[in-house]
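Following: one structure in structure tokens, then a few remarks.
Every number in this text was worked out from the coordinates using simple rules, so none of it is lab data. Worth saying up front: this structure is predicted, and the values here are computed from it rather than measured. Ideal geometry is used to build each Cβ from the backbone, glycine not excepted, and the neighbour counts take in all protein chains shown.
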Amino acid sequence: MAFASKRTRKEKAPLEVEALYEVAVRALARKMRTVSELKRLLRARVELGEPGEIKVAAVLAKLTEQKYLDDAAYASTYTRLRQENEKFGRRRVQQDLMQRGVRGEIVTQTLDAAYANLPEPTQIRRYLERKRIAPPKDEKQTARVVRMLVRAGFRTGSIFQVLKQWNAPEEALEAIEALDEDAGTPE
């Protein structure tokens, strides 16, 4: 049985500014996007080089002027949703925003404001409740919980503080702390 050949993507004619603007508005209607994400999307619809870049810049300027596109508002909303719904820690939200192309100073300001009045151990407890994690009974379960909390964006010092209060096996915590120190993971 022969496989069908790959379909070649039809080369679309480069769009003019008005049509590019419509594409951008439809994309923003579907979901929130950062300037970087929208720029990447629009670049695929224009010719290469300076003429295409001028069109993209014009559309982005118009969207920004109309307040359809605002990285600070995006970062604030994204942070609030991740914090309230997913219960993620600061580091995880920071990494997500940076991957989406939000500038570093906007990320820092947003996270400072969002996480200022919420102690990390409290966040960790909320995350564990949300995930319905039972207190670990042995070293293997403790290591699993620690890995999960690190992926969720919490610092190891806060994680160990919560696990000690949670009466996790002391020898498991000591073994994991020793591995953490050997790896040189910053807190």
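When the convex hull of the C-alpha atoms of the range 120-183 is computed, what volume per residue in Å³ does it have? It would help to have the intermediate numbers written out before the result.
Numbers: hull volume 4.7 nm³, N = 64.
Convex hull volume per residue, Cα atoms: 73 Å³.
Treating only the Cβ atoms of Lys and Arg (+1) and Asp and Glu (-1) as charged, compute the dipole magnitude of the range 1-113 about its Cα centre; round to the nearest 20 debye.
Numbers: 24 positive and 16 negative charges, 133 e Å.
With Lys and Arg at +1 and Asp and Glu at -1, about 640 debye.
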| note | D (µm²/s, integer) via Stokes-Einstein for the chain, Kirkwood Rh across alpha-carbon pairs, 4 °C, 1.567 mPa s: value 65 µm²/s
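Using the Cβ atoms and a cut-off under 11 Å, what net charge is assigned to the surroundings of Glu18, where Lys and Arg are +1 and Asp and Glu are -1? Intermediate values should be presented prior to the final figure.
Values: positive: Lys55, Lys62; negative: Glu16, Glu22.
Neighbourhood net charge equals 0.
How high is the relative contact order of the chain, in percent, counting Cα pairs under 8 Å that sit 6 or more residues apart? Before the final figure, lay out the partial values.
Details: 156 pairs, mean separation 33.8, N = 187.
After rounding, I find 18 percent.
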| request: Using only alpha carbon pairs under 8 Å that are at least six residues apart, calculate the relative contact order of the range 17-65 and give it in whole percent. | output: 48 percent
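Can you tally the net charge around Arg132? Count Lys and Arg as +1, Asp and Glu as -1, for every other residue whose Cβ sits under 13 Å from the Cβ of Arg132.
Residues close to Arg132 contribute a combined charge of +4.
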| task | Could you name the lysines whose alpha carbon sits less than 24 Å from that of Lys39, not counting residues in the same chain fewer than 8 places away? | result | Lys10, Lys12, Lys31, Lys55, Lys62, Lys67
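Given a cut-off of under 8 Å on Cα pairs at least six residues apart, what relative contact order in percent is computed for the range 71-147? Display every interim value, and only then the final one.
Details: 40 pairs, mean separation 26.6, N = 77.
Answer for the range 71-147 is 35 percent.
What number, rounded to the nearest 500 deg cm²/dmol, is the helix-based mean residue ellipticity at 222 nm of the chain, given -39500 (n - 2.57) per DSSP H run of at least four residues and division by all its residues? Don't jump to the answer; show the numbers that get you there.
On the way: 10 runs with 121 residues, N = 187.
So the helix-based figure for the chain works out to -20000 deg cm²/dmol.
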